[in-house]
Amino acid sequence: MPSSSHRPRKRFGQHFLRDAGVVRRLVEAIAPAPEDCVVEIGPGEGVLTRPLAERAGRLELIEIDRDLAAALAAEGFKVRVADALDFDFGVFPPGARIVGNLPYNISTPLLFHLARFADRVRDLHFMLQLEVVERMVALPSTPAYGRLSVMLQTRFRMEKLFRVAAGAFRPPPKVESAVVRLLPLRSPLGCDALRLEEVVRRAFSARRKTLRNALALGAEDFAALGIDPQLRPENLSPQDYVRIAQRTIPSRD
């Protein structure tokens, strides 16, 4: 791995990948091809960027750190200096592939943001905090299952690929990491996306309550949906939430 004198910036949540073996496994998992448009979020020092560039037909970078962006641009890479949380990923051609070692301090809101572009991308491969990946792939009625699980599982089929030790980064984070693959579901969502977000947010903001008390549904609604109102939010499947969203209108408070 090339060395760098760039000082990691805590405000950007920077932990730079430095393990050549992990980079190799990640590139093999992504398997970029000459016909691919690959978008890398947070390229940092470019240790993943360079092998991606060797195999992908088109590579675009999104980097918030101006110093890192300038260094990568000096190497000839196309860099957009931007905050990925606000970025419109719809500017890339349909079928774009999104990858990255995501900053852990913004990973959850960034995943919610990226989910809105599920119908535009071919797949996504991310390095994330292990605990976040476990929440993403969690099954109903398990401790890790929650709002993130539901919102992503209604749009993606996901697979945890492999774990990554803290020592693979500079500086080492205080947690383990994992690589996850997200493949968009090609069937329609089946309800209004904003309505679904509202229903799931309300449910899991009161996850210790029963559904009768967590959601603004009447007895006739639960009966029509075939859902026991004495269950708790973590007991429902992602598709159950889609059915609830089809039947309800969110408030705007």
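The values are calculated or read from the model by the stated rules, or taken from the named source; none is laboratory data. Please read these numbers as outputs of a predicted model, since none were measured by experiment. Positions of Cβ are generated from backbone atoms using ideal geometry, with glycine treated the same way; all protein chains shown enter the neighbour counts.
Every condition in (1) farther than 24 Å from Leu189 by Cα; (2) in contact with a Pro (Cβ under 7 Å, 6 or more places away or on another chain) holds for Glu220 except the one numbered (2).
For beta carbons closer than 6 Å, sequence separation of 6+ or different chains, a first residue in the range 19-32 that is under 16 Å from Val180 (Cβ atoms) and assigned by TED's automatic domain parsing to the domain that holds Pro51 and a second that is part of a helix (DSSP H, G or I) and modelled with pLDDT under 95, the qualifying pairs are Val22/Ala168.
Could you tell me which residue of the range 177-193 is nearest to Thr248 (Cα to Cα), considering only residues that are free of Cβ contacts under 8 Å to residues at least 40 places away in the same chain and not basic (Lys, Arg)? Walk me through how you get there before you give the answer.
Let us first name the residues in the range 177-193 that are free of Cβ contacts under 8 Å to residues at least 40 places away in the same chain, namely 186-188.
Among the residues that remain, those that are also not basic (Lys, Arg) are: 187-188.
Values: Ser187: 21, Pro188: 18 Å.
If we take residues in the range 177-193 being free of Cβ contacts under 8 Å to residues at least 40 places away in the same chain and not basic (Lys, Arg), then Pro188 is nearest to Thr248 (Cα to Cα).
Selection over the range 32-68 of residues that are part of a loop (DSSP other than H, G, I, E, B) and within 26 Å of Pro171 (Cα to Cα) gives a count of 9. Filter the range 150-166 down to the residues that are touching a strand residue (DSSP E or B) at 6+ places or on another chain (Cβ under 9 Å), over 20 Å from Val22 (Cα atoms) and of a type outside the set (A, V, I, L, M, F, W, C) and list them by number. Answer for the range 150-166, where residues must be touching a strand residue (DSSP E or B) at 6+ places or on another chain (Cβ under 9 Å), over 20 Å from Val22 (Cα atoms) and of a type outside the set (A, V, I, L, M, F, W, C): Arg155, Arg157. Those residues that are surrounded by 18 or more Cβ atoms within 10 Å (Cβ to Cβ) and either of a type in the set (S, T, N, Q) or in a helix (DSSP H, G or I) (or both), I need them from the range 109-129; list them, please. Listed by number, the residues that qualify are Leu110, Leu111, Leu114, Ala115, Ala118, Gln129. For the range 189-222, filtered to residues that are among the polar types (S, T, N, Q) and outside any helix (DSSP H, G or I), the residue that is surrounded by the fewest Cβ atoms within 10 Å (Cβ to Cβ) is Ser205.
Here is a list: Arg155, Arg163, Arg186. Which entry is in contact with a Leu (Cβ under 7 Å, 6 or more places away or on another chain) and surrounded by fewer than 17 Cβ atoms within 10 Å (Cβ to Cβ)? Working first, answer last.
On the way: Arg155 fails: surrounded by fewer than 17 Cβ atoms within 10 Å (Cβ to Cβ); Arg186 fails: in contact with a Leu (Cβ under 7 Å, 6 or more places away or on another chain).
One residue alone meets the criteria, Arg163.
Number of residues in the range 69-108 that are more than 27 Å from Lys174 (Cβ to Cβ), of a type in the set (D, E, K, R) and either outside the structural domain of Ala29 (by TED's automatic domain parsing) or assigned to a loop (DSSP other than H, G, I, E, B) (or both) equals 3.
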